[in-house]
Amino acid sequence: MSGEDLSRRLRVTRSAVWKHIESLRDSGFEILAAPHHGYRYLASPDRVTADEVLSGLDTGVIGREVLTFDTVDSTNRHALDAGRDGTKEGLVVFAEGQTRGRGRLGRAWASPKAKGLYFSVLLRPSLEVKELPKITLASAVAVSEALAEACGVEALIRWPNDLLVKGKKLAGILTEMSAESDRILFLVIGIGLNVHDSGAALPQGSTSLEKATGRRWNRCELAVHILKKLDDCYSMLNEGRFREIALLWEKSSAISGRAVSAKTLNGEVRGTAMGIDGDGALWIRQNSGLQVKLLSGDVTLLRQS
Ligand code: BTN
């Protein structure tokens, strides 16, 4: 578009147009300027911005408010604080990098700057504490479906909510909550997805989207896809449609019918993963025939196939 058209449409002077173009370029936008022809927008910076996320979202709840940070200790920590301060559900907190990214079971989540997606969603579902696995599984389904639709990647789910590509971990989800007696007051779903090849070694047994597909992906577009799917799954849960989520989960399960070992707070359980029940709990049939119900833990496949 020519500078003249822009200045007419925006009702600013030609020099103001130029200044704005320069400031967009300073922020990393690629804009071509051809004398006598005008400007051509080429690409956005590889950065997750609230404006870009919000302009791609048409969701009911998730993304009502979007905050983006360059670096934080943990987006989960930030969203949990917001929950305590009474922030409405739907807030999404993104960071380009995290200094103390949290993983499940007290582990750390490597969060090198601009290499992955690191974000947390604050929700206030009317669920009982024992129903927390429903949200955990729904978020894994959302990420798996978004990756299939946006990137054509088959990411299988390892209970409860690790996303694996060819047996390697691509994404992890950490759900943290605040509760009063048996009711959830609010919860935070934290998602970490390895997007670009960072050059530095990924944690052992992990992969990135770039490694898995051989190309780079726009992190902002990916985030929008995931948030839309999360919003869909959240409304399914609120409508009492967990059964449908469970079916989607089973369809993408990396473990159903397989020999697994589960590390739980009460020790190790070995056997065949039978699938999840209506509460989102995993059932394992031990060799003795005894069936064990797991609400949390860490599952590994005993044999890769
Ligand atoms: C896992 O151990 O698999 C869960 C990893 C979850 C990491 C994400 S990154 C964004 C959010 N903020 C955190 O501190 N952790 C989660």
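The values are calculated or read from the model by the stated rules, or taken from the named source; none is laboratory data. Small disclaimer: the values here were computed from a predicted structure and weren't measured. All Cβ positions, glycine included, derive from the backbone under ideal geometry; neighbour counts span all protein chains shown.
Numbers below:
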read-out	value
Only listed residue being among the basic types (K, R), in contact with a Leu (Cβ under 6 Å, 6 or more places away or on another chain) and surrounded by 16 or more Cβ atoms within 10 Å (Cβ to Cβ), chosen from R77, R40, R64, R104	R104
Sole exception among (1) away from the ligand (no atom under 16 Å from the Cβ); (2) closer than 22 Å to K229 by Cβ; (3) assigned to a strand (DSSP E or B); (4) not hydrophobic (A, V, I, L, M, F, W, C) for T68, by number	(1)
Hey, L295 in contact (Cβ under 8 Å) with a residue 40 or more places away in the chain, under 30 Å from E149 (Cα atoms) and touching a Lys or Arg at 6+ places or on another chain (Cβ under 6 Å) or not	no
Of all residues in region 110-142 being within 11 Å of the ligand (Cβ to nearest atom) and under 21 Å from D279 (Cα atoms), the one that is surrounded by the most Cβ atoms within 10 Å (Cβ to Cβ)	A140
Strands (runs of 3 or more DSSP E) within region 139-186 that include 1 or more residues in contact with a Gly (Cβ under 7 Å, 6 or more places away or on another chain) and closer than 21 Å to S235 by Cα	168-180
Yes/no for K166 being away from the ligand (no atom under 15 Å from the Cβ) and more than 30 Å from L302 (Cβ to Cβ)	no
Output for region 25-58, where each listed residue is among the hydrophobic types (A, V, I, L, M, F, W, C) and closer than 17 Å to A95 by Cα	V48, A50, V53, L54
Any hit, region 111-132, residues being free of Cβ contacts under 8 Å to residues at least 40 places away in the same chain, part of a strand (DSSP E or B) and out of contact with any Asp or Glu (no Cβ under 9 Å at 6 or more places or on another chain)	no
Residue match in region 251-259 (condition: at pLDDT 90 or above and part of a helix (DSSP H, G or I))	yes
Failed item, numbered, when A82 is tested on (1) closer than 16 Å to I189 by Cα; (2) within 17 Å of the chain's Cα centre (by Cα)	(2)
Selected residue [out of contact with any strand residue (DSSP E or B) (no Cβ under 8 Å at 6 or more places or on another chain), touching a residue at least 60 places away in the same chain (Cβ under 8 Å), within 30 Å of E239 (Cβ to Cβ) and part of a loop (DSSP other than H, G, I, E, B)] from G60, G86	G60
So D298, is it surrounded by 13 or more Cβ atoms within 10 Å (Cβ to Cβ), within 14 Å of W159 (Cβ to Cβ) and of a type outside the set (S, T, N, Q)	yes
Output for region 187-203, where each listed residue is closer than 14 Å to Q98 by Cβ, assigned to a strand (DSSP E or B) and not β-branched (V, I, T)	G190, G192, L193, N194
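Yes or no, residue by residue, for (1) in contact with a helix residue (DSSP H, G or I) (Cβ under 8 Å, 6 or more places away or on another chain); (2) free of Cβ contacts under 8 Å to residues at least 24 places away in the same chain:
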{"residue": "Q204", "(1), (2)": "no, yes"}
{"residue": "R216", "(1), (2)": "yes, yes"}
{"residue": "S235", "(1), (2)": "no, no"}
{"residue": "A246", "(1), (2)": "yes, no"}
{"residue": "S256", "(1), (2)": "yes, yes"}
{"residue": "N266", "(1), (2)": "no, yes"}
{"residue": "A273", "(1), (2)": "no, no"}
{"residue": "G280", "(1), (2)": "yes, no"}
{"residue": "I284", "(1), (2)": "no, no"}
